[in-house]
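Shown next, in structure tokens, is the structure this report addresses.
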Amino acid sequence: ATPTAIMVATGVGANNGVLIKGGDALERAQKVKYVVFDKTGTLTQGRATVTTAKVFSGMDRGDFLTLVASAEASSEHPLGRAIVEYARHFHFFDDPSAAKDDQRHGKESKPSWLFDVLDFSALPGKGVQCFVHGKRILVGNRKLLTENGVMIPSEAEQFVTELEESAKTGILVAYNNALLGVLGLADPLKREAAVVVDSLRKMGVRPVMVTGDNRRTAQAVAKEVGIQDVRAEVMPAGKADVIRSFQRDGSIVAMVGDGINDSPALAAADVGIAIGAGTDIAIEAADYVLMRSNLEDVITAIDLSRKTFSRIR
Ligand code: ADP
Ligand code: MG
């Protein structure tokens, strides 16, 4: 392709909200054999909502939700935000005027209905931990609890499994080293996701899904979207290894992602594609940015490259 053809293609991309960072990236996209999609926020809307909250310990439901929300209040994770939102609605259901009062405190200060927490830490790929009323609270996946020596009763384990089999993420809550309850969160697929996966396959490209979420939820979501090759329970650093494993035989690999977690994989991929609504770090690491955050533009990007570089017109 001539420099003019590349310039024209970059312009066409820009008009369609596909930002291309350079001619090399544009050229590589035509040869893509695998497209690896992150799950949360890429295939899914990234707007999780709590669908279930089950208390196993006899604690009052409102207290349980306030406690969990207090732990997640400093979290920037979509799951954490969804939990705080749910608890807020529960808390203010009967008293809308209190909600207005609460908002007046502004974003900087902690809402008055939450408990004070100490030593908050976010554990990527696992959850959060902090201390409330002098006792440790853990909110996250099985791994987080087991690593911290919390026993998961079979009743709770079974409940989490059921949530996962219906494509939901089960979040466990432990307080003072005992299991307190379980939350179920749903994050719907983007409307175009299944069609895009199908189109890719018809173009001879193999779709793959990679996620930090557990195997059962990942499988259920993958089934909905039509992806067979699923890599689940991948810790943030492991996503780049997944990319490299596909590259080993010389295949050209694209990665589509939105999160901080995805940036090493976006950089490792031959073609890194960031969702425009994603984090700045992901956008910086990528070769392409989809400004409309619409997965159809993955197809646009590959098509554009093929049309620009193929000899047969
Ligand atoms: P993904 O690759 O799907 O974006 P992450 O690596 O961000 O997933 O998270 C993996 C898992 O870690 C989540 O499915 C959840 O179980 C747990 N997790 C991470 N952050 C939180 C949080 N703030 N609260 C509860 N659970 C969390
Ligand atoms: Mg994501």
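All of the numbers you see were taken from the coordinates with simple rules; none came from a lab. The structure displayed is predicted, hence computed values, not measured ones. As a convention, Cβ positions derive from the backbone with ideal geometry for all residues, glycine included, and neighbour counts pool all protein chains shown.
Hey, what angle do you get for helix 3-15 against the long axis of the chain, alpha-carbon based, 0 to 90 degrees rounded to 10?
Computed tilt is about 30 degrees.
Please list, in order along the range 257-271, the HN-Hα scalar couplings obtained from phi with the Karplus expression 6.51 cos²θ - 1.76 cosθ + 1.60 (θ = phi - 60°), rounded to whole Hz, x for Gly and Pro.
Result, ordered by residue: x, 10, x, 4, 4, 8, 4, x, 5, 4, 6, 6, 5, 5, 10 Hz.
Hey, which of these cross-link pairs are over 23 Å Cα-Cα: Lys39/Lys110; Lys168/Lys223; Lys31/Lys307; Lys54/Lys126; Lys126/Lys168; Lys33/Lys307?
Check vs 23 Å cut-off fails for Lys39/Lys110.
Per-residue HN-Hα couplings for the range 283-295, Karplus 6.51 cos²θ - 1.76 cosθ + 1.60 at θ = phi - 60°, whole Hz, x for Gly and Pro?
So the J values, rounded to whole Hz, are 4, 5, 6, 8, 8, 10, 10, 8, 5, 7, 6, 9, 5.
Using a Förster radius of 22 Å, what is the FRET efficiency between Met59 and Ser97 based on their Cβ-Cβ separation? Nearest 0.05, please.
Rounded to the nearest 0.05, the efficiency is 0.25.
Distance in nm between label sites at Asp249 and Asn148, each 7 Å beyond Cα in the beta-carbon direction?
Going by the 7 Å Cα→Cβ label model, 4.3 nm.
Taking amide H atoms as placed 1.01 Å from N in the peptide plane, list the residues 5 or more away in sequence, or in a different chain, whose amide H sits under 5 Å from that of Arg231.
Under 5 Å from the amide H of Arg231: Met209, Val210, Thr211.
With each pseudo-label sitting 7 Å past Cα toward Cβ, what's the Glu155-Lys21 distance in nm, one decimal?
5.2 nm
Report ³J(HN,Hα) in whole Hz for each residue of the range 148-155, in order, from the Karplus equation J = 6.51 cos²θ - 1.76 cosθ + 1.60 where θ = phi - 60°; Gly and Pro get x.
9, x, 8, 7, 9, x, 4, 4
Set the Förster radius R0 to 45 Å, insert the Cβ-Cβ distance between Phe115 and Ser310 as r into 1/(1 + (r/R0)^6), and round the FRET efficiency to 0.05.
Plugging the Cβ-Cβ distance into 1/(1 + (r/R0)^6) gives 0.15.
Quote the FRET efficiency, to the nearest 0.05, computed for Ala194 versus Glu233 with a Förster distance R0 of 25 Å and r equal to the Cβ-Cβ distance.
Computed FRET efficiency for Ala194 and Glu233: 0.60.
For the range 49-186, take the convex hull of the Cα atoms, compute a quarter of its surface area, and give me that in nm², please.
Here the figure is 8.0 nm², rounded to one decimal.
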